[in-house]
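First comes the structure, then the notes that go with it.
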Amino acid sequence: MNAPVALSARLARGTEAGQTRAAPVAAGGLDLLEALRSALGALAANKLRAVLTGLGIFIGVAAVIATVSVGAGARQQVLGQIQSLGANLLVIWPGSVNQAGVRLGAGQRPNLTWDDAQALLEVPGIVAVSGNIRGQNQVVAGNANWSTSVQGSDPDLFAVQDWALEDGRFFTAEEARGARKVVVLGATVAEALFGDEGAVGQEIRVRSTPFEVIGVLARKGQNPMGQDQDDVAVIPFWTARRSVMGANRVWARGVNWISLKVEDGADMAEAAEEVRSLMRQRHRLAANEPDDFNLRNMSDVAATFDASAKTLSMLLASAAAVSLLVGGIGVMNIMLVSVTERTREIGLRLAIGARRRDILAQFLIEAVVLALLGGAVGVAAGIGLSHALGRVAGWPVLIQMDAVALAVGVSALTGLFFGFWPARRAARLDPIAALRHD
Amino acid sequence: MLLIETQGLTKHYAAGEGTVAALSGVSLAVSPGEFVAAMGPSGSGKSTFLNLIGCLDRPTRGEYRLVGEDVSRLPPDRLAGIRNRRLGFVFQSFNLLPRADALANVELPLVYGSVGRRERRERAAAMLALVGLGERMHHRPSQLSGGQQQRVAIARALVNEPDLILADEPTGALDSRTGLEIMALLQGMNREGVAVLMVTHDAEIARFASRCLRFHDGRLVADEAQAPAAASAELAALDDGGARAA
Ligand SMILES: Nc1ncnc2c1ncn2[C@@H]1O[C@H](COP(=O)(O)OP(=O)(O)O)[C@@H](O)[C@H]1O
Ligand SMILES: [Mg+2]
């Protein structure tokens with residue numbers, strides 16, 4: 001046997017027990033690197049369990065990031081579309097009409113007139129007004145033809161809708177009054193008819209009537225209903241009435257809708273109220289009669305949409321947060337199991353000099369590492385999922401870095417929070433009882 | 001200065017309605033470098049005594065000085081520091097960390113003693129070489145025999161250069177020959193100046209101590225010095241006999 005012989009070589013403790021050795025510096029405890037290594041080792045010893053537990057956190061984090069990012073992207077897109085309709089925009093549509101006590105549905109009979117539109121210019125705070133009619137028509141240029149919305153409007157339309165020009169010019173008040181056969185094309189129509197060639201100065205035909213193209217509008221994209229706002233050909237209102245829409249003897253001065261621009265900085269709600277009151281007056285509505293028109297404040301629409309979109313994404317995010325919570329409970333569960341399984345190990349560590357806070361730190365670090373690993377993979381998956389969802393739904397995706405940071409922070413906190421109780425249980429074990437545990 | 005000095009050391013445990021006196025009024029003194037065996041029937045208070053001396057527990061009454069310092073009323077974390085610096089533990093069931101190799105197991109007390117990584121490695125490796133396991137530093141406990149595991153445990157108990165090794169039935173889980181090897185190792189270390197307090201119910205094993213305490217019903221009933229048998233000599237004789245028989 002070799003051991004006792006070898007002993008004298010080492011153990012050269014010159015000091016006797018009685019002579020107190022210089023006590024080591026009050027133990028600073030586990031260094032972090034060692035603690036991390038030990039935590040990873042403990043997790044690696046039970047890989048399947050660690051993976052399954054991390055999965056709970058992973059799903060929660062991925063869901064939070066995906067819902068928040070996709071929600072933010074979708075919201076921004078729709079808000080942008082609403083904005084693209086025009087800032088400070090009021091719109092009036094025909095409402096339901098009472099005729100001899102029979103209530104007719106909205107739009108059953110056009111009851112808005114071009115004269116209504118003109119009158120509304122008098123309302124203080126209203127800076128631009130356009131009465132509009134619109135019909136689907138075939139437009140032809142040479143061999144090319146295209147079916148589009150031909151829209152008759154007042155020259156103010158471009159101001160009302162904040163519509164810029166790509167090329168050429170808008171029609172003038174002069175041209176409008178004279179019912180001249182000039183047209184301003186939406187970008188989609190210009191491209192369909194003329195491709196890359198300049199459209200301005202060319203001739204197109206609508207119902208065999210020739211029009212001179214005087215301008216091409218800058219692209220606006222889709223409206224909130226998903227329609228292409230650039231698929232339009234705008235001509236003066238009275239030109240449309242006379243040459244395109246056909247004579248409507250009953251309602252020769254009727255419009256489909258009226259759009260108005262409120263002065264920048266003016267109170268939208270106040271302006272809308274003034275408009276409503278003038279319209280009621282013009283339509284001779286008695287005080288007890290309902291409006292026979294619909295007045296929409298587009299900034300209200302945007303605000304309403306924004307609020308409901310926010311609510312929806314909050315709901316989704318809290319559903320995702322609940323799954324994070326469930327993941328956290330999974331962490332707690334597994335840590336409790338781990339503490340029980342390793343009771344003897346804890347007893348041993350205590351016996352050889354671990355302080356309670358060393359044991360506490362050991363299990364806390366293990367729980368946090370577990371949660372963070374799940375969280376990190378969850379962040380990657382959440383970002384991937386956001387992009388996949390965005391592609392499928394055709395939405396832009398706005399990865400919210402604060403949501404990512406939050407998710408990572410929350411998963412670390414989840415580990416801390418749900419790891420604390422098991423860790424405290426471990427730290428409070430009585431070394432003797434723990435050593436005797438089987 | 002004395003290594004251990006107790007005055008009326010008493011430990012009561014709550015049991016059902018009343019209390020059990022696991023240890024009653026034990027007073028004794030142990031000098032540095034002694035090899036003390038604690039004997040007695042099951043339930044006589046040996047382990048309770050060892051746990052108190054090992055600062056794993058605090059007495060209900062009485063005083064305990066370890067190397068002159070009164071440790072009987074210290075809070076748990078102070079006791080942890082004392083266990084780390086002054087004491088080493090050897091258990092009947094080894095209590096090695098199953099996932100760690102021999103080296104990491106021996107390093108563990110140094111981790112809690114805030115010793116740097118390199119120094120830890122060196123000291124643990126030297127200690128493993130000392131107990132004859134220099135070749136098996138990277139074996140896990142499951143890859144080692146019972147006797148080898150207990151050697152790792154002894155190396156772990158020694159690595160902090162303690163004043164006292166506490167061993168509760170260190171040979172209890174081993175066959176008699178391996179037990180003899182472990183006793184030879186403990187005796188060798190004791191010769192180097194480390195005091196040993198060993199609990200055993202086995203008179204064969206108690207022979208290797210230089211002093212024998214006997215407990216009964218929680219009382220210290222006998223405390224005798226004795227001429228210790230030499231474990232390494234018995235081991236050599238055993239090997240000789242085996243060789244002749246073969
Ligand atoms: N944690 C405890 N709770 C209650 N009673 C205990 C506890 N530990 C030991 N005892 C009792 O104290 C007495 C002494 O036990 P112990 O010191 O383990 O004896 P030994 O090691 O000599 O077999 C026994 O009667 C035992 O039942
Ligand atoms: Mg016992």
Restricting attention to region A:355-393, the residues that are farther than 24 Å from A:GLU345 by Cβ and open to solvent by 10 Å² or more (accessible area, probe 1.4 Å) number exactly 14
Near pairs, Cβ below 9 angstrom, 6+ apart or cross-chain, from region A:354-375 (outside any helix (DSSP H, G or I)) to any residue that is among the hydroxyl-bearing types (Ser, Thr, Tyr):
A:ALA354/B:TYR112; A:ARG355/B:TYR112
Could you list, in sequence order, the residues of region B:117-154 that are open to solvent by 10 Å² or more (accessible area, probe 1.4 Å) and under 19 Å from B:ARG83 (Cα atoms)?
B:ARG123
For region B:111-126, which residues satisfy the criterion of being within 10 Å of chain A (Cβ to nearest Cβ) and at pLDDT below 95?
B:VAL111, B:TYR112, B:GLY113, B:SER114, B:VAL115, B:GLY116, B:ARG117, B:ARG120
For region B:1-30, how many residues are away from ligand 2 (no atom under 16 Å from the Cβ) and within 14 Å of chain A (Cβ to nearest Cβ)?
8
Can you find, within region B:198-224, the residue that is nearest to B:ILE165 (Cα to Cα) among those that are within 16 Å of ligand 2 (Cβ to nearest atom) and not hydrophobic (A, V, I, L, M, F, W, C)?
B:THR200
So, B:PHE89, is that one within 16 Å of ligand 1 (Cβ to nearest atom), facing chain A (nearest Cβ under 10 Å) and either surrounded by fewer than 17 Cβ atoms within 10 Å (Cβ to Cβ) or modelled with pLDDT of 95 or more (or both) or not?
yes
Return yes or no: is A:ALA371 of a type in the set (Gly, Ala, Ser) and under 30 Å from A:GLY73 (Cα atoms)?
yes
If you scan region B:3-25, which residues turn out to be assigned to a strand (DSSP E or B) and open to solvent by 30 Å² or more (accessible area, probe 1.4 Å)?
B:GLU5, B:GLN7, B:HIS12, B:TYR13, B:ALA14, B:ALA15, B:GLY18, B:THR19, B:VAL20, B:ALA21, B:GLY25
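Check B:VAL71, B:VAL36, B:VAL67 and return the single one that is over 18 Å from the mean Cα position of the chain (by Cα) and either among the β-branched types (Val, Ile, Thr) or more than 8 Å from ligand 1 (Cβ to nearest atom) (or both).
B:VAL71 is the lone residue from the list that is over 18 Å from the mean Cα position of the chain (by Cα) and either among the β-branched types (Val, Ile, Thr) or more than 8 Å from ligand 1 (Cβ to nearest atom) (or both).
Answer yes or no as to whether A:GLU341 is acidic (Asp, Glu) and either away from every other protein chain (no Cβ under 14 Å) or in contact (Cβ under 8 Å) with a residue 60 or more places away in the chain (or both).
no
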Can you run down the residue pairs with Cβ atoms below 7 Å, 6 or more apart or on separate chains, where the first is in region A:31-43 and in contact (Cβ under 8 Å) with a residue 60 or more places away in the chain and more than 9 Å from chain B (Cβ to nearest Cβ) and the partner is among the acidic types (Asp, Glu) and in a helix (DSSP H, G or I)?
A:ALA39/A:GLU366; A:LEU43/A:GLU366
Residues of region B:50-61 satisfying the condition of being within 13 Å of ligand 2 (Cβ to nearest atom) and of a type in the set (S, T, N, Q)
B:ASN51
So the check is Cβ under 8 Å with 6+ separation or different chains; which pairs have a first residue in region A:413-434 that's open to solvent by 10 Å² or more (accessible area, probe 1.4 Å) and a second one that's of a type in the set (S, T, N, Q)?
A:LEU429/A:THR343; A:ILE432/B:ASN51
Residue check, B:ARG78 surrounded by fewer than 17 Cβ atoms within 10 Å (Cβ to Cβ) and within 16 Å of ligand 1 (Cβ to nearest atom)
no
Within region B:170-198, can you find the residues that are touching a Phe, Trp or Tyr at 6+ places or on another chain (Cβ under 8 Å) and within 13 Å of ligand 1 (Cβ to nearest atom)?
B:MET198
Starting from region A:190-212, keep only residues that are of a type in the set (Gly, Ala, Ser), then list their pairs with residues that are open to solvent by 50 Å² or more (accessible area, probe 1.4 Å) whose Cβ atoms are within a distance under 8 Å, requiring at least 6 positions of separation or different chains.
A:ALA190/A:GLU166; A:ALA192/A:TRP146; A:GLY198/A:ASP167; A:ALA199/A:ASP167; A:GLY201/A:GLU212
Pull up region B:31-49, narrow it to residues that are within 13 Å of chain A (Cβ to nearest Cβ) and open to solvent by 10 Å² or more (accessible area, probe 1.4 Å), then point me to the one that is nearest to ligand 2 (Cβ to nearest atom).
B:SER47
With the condition kept exactly as written, say whether any residue in region A:190-199 is touching a helix residue (DSSP H, G or I) at 6+ places or on another chain (Cβ under 9 Å) and surrounded by 15 or more Cβ atoms within 10 Å (Cβ to Cβ).
yes
Hey, among B:ALA195, B:ALA157, B:ALA227, which residue is open to solvent by 10 Å² or more (accessible area, probe 1.4 Å) and either away from ligand 2 (no atom under 16 Å from the Cβ) or closer than 23 Å to B:GLY45 by Cβ (or both)?
B:ALA227
Matching strands (runs of 3 or more DSSP E) fully within region B:141-246 where at least 1 residues are over 26 Å from B:ARG99 (Cα atoms) and at the interface with another protein chain (Cβ under 9 Å from one of its Cβ atoms):
B:164-168, B:195-199
Those residues of region A:271-292 which are of a type in the set (Asp, Glu) and at pLDDT 90 or above, in sequence order
A:GLU273, A:GLU274
Odd one out for A:LEU260 among (1) assigned to a loop (DSSP other than H, G, I, E, B); (2) of a type in the set (A, V, I, L, M); (3) surrounded by 12 or more Cβ atoms within 10 Å (Cβ to Cβ)
(1)
Of the conditions (1) more than 16 Å from ligand 2 (Cβ to nearest atom); (2) within 14 Å of chain A (Cβ to nearest Cβ); (3) more than 24 Å from A:LEU360 (Cα to Cα), B:ARG83 satisfies every one except a single condition; which number is it?
(3)
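The values are calculated or read from the model by the stated rules, or taken from the named source; none is laboratory data. All values derive from a computational prediction rather than experimental measurement. So basically every Cβ, Gly included, is an ideal-geometry build from the backbone, and we count neighbours across all protein chains shown. Side chains included, ligands, DNA and RNA excluded: accessible areas come from the protein's heavy atoms. Shrake-Rupley method; radii C 1.70, N 1.55, O 1.52, S 1.80 Å.
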